[in-house]
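To keep things clear, I will list the structure first and then write my remarks on it.
The values are calculated or read from the model by the stated rules, or taken from the named source; none is laboratory data. Every value quoted in this text rests on a predicted model; they were computed, and no experiment measured them. Reconstructed Cβ throughout: ideal geometry from the backbone, glycine too, with neighbour counts over all protein chains shown. Side chains included, ligands, DNA and RNA excluded: accessible areas come from the protein's heavy atoms. Shrake-Rupley method; radii C 1.70, N 1.55, O 1.52, S 1.80 Å.
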Amino acid sequence: MGSHIPNDTVSGRTTALCLDMGATIGGVIFGTIHIAAWNLSFPTAIEQTLWRTASIMSTALLPIMCLPLFVNGYIVRGPFMLIKVWEIIFGGLYVIARAFLLVEIFRTLFYLPEDAIRG
């Protein structure tokens, strides 16, 4: 057989740092788009409040979660268990916020006024 094909698409700490920063900045931009829907109409006031909360969480939690991970991975090493707990808590909250936004987007379609359907 032939020789092993190297996977050098992510080579070195600088490239990995750029990818991590790009993913974080992209997540913040994506969350900001959802904040733009701050004053749109929702079926209930509770859903509007949950939308606002989830939008803020999806915008802010990714940098809050990733900052200690960046410091731990690229500057100084911290306690492994603390970093994992930090990652699980804030990563879990981020996933919950994003999942709510996804579900709410489709759920709100069922409550559109008739004029929106007839267009």
Taking only Cα atoms of the chain, radius of gyration then Dmax in Å: 19.6, 65
Neighbour net charge for residue 47 - beta-carbon separation under 15 angstrom, K R +1, D E -1: +1
On Cα atoms only, tilt of 80-109 relative to the major axis of the chain in degrees: 30 degrees
Point-charge dipole on Cβ atoms (K/R +1, D/E -1) for the range 32-119, about Cα centre, debye to 20: 320 debye
Signed unit charges on C-beta, dipole axis of the chain, positive-most listed residue 56, 40, 113: 56
The range 64-119 shape via C-alpha gyration tensor axes, a/c threshold 1.5: prolate
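Compute the signed sum of charges (Lys and Arg +1, Asp and Glu -1) over the other residues within less than 13 Å, Cβ to Cβ, of residue 90.
+1
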Computed FRET value (nearest 0.05) for residue 110 with residue 29, which takes r as the C-beta separation and R₀ as 22 Å: 0.20
Backbone HN-Hα couplings from phi across the range 67-73 [Karplus 6.51/-1.76/1.60, Hz, Gly and Pro as x]: 4, x, 5, 5, 4, 5, x
Helix-only CD estimate at 222 nm, as mean residue ellipticity for the chain, using -39500 (n - 2.57) per DSSP H run (n ≥ 4): -26000 deg cm²/dmol
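Suppose the chain between residue 46 and residue 80 were pulled fully straight at 0.36 nm per residue; how much longer would it get relative to their current alpha carbon spacing?
Full-extension gain reported as 8.4 nm.
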Residue 89-residue 16 pseudo-label distance in nm [points 7 Å out on the Cα-to-Cβ vector]: 2.5 nm
Carbon/sulfur fraction of accessible area - the chain, other protein chains in place, 1.4 Å, %: 73 percent
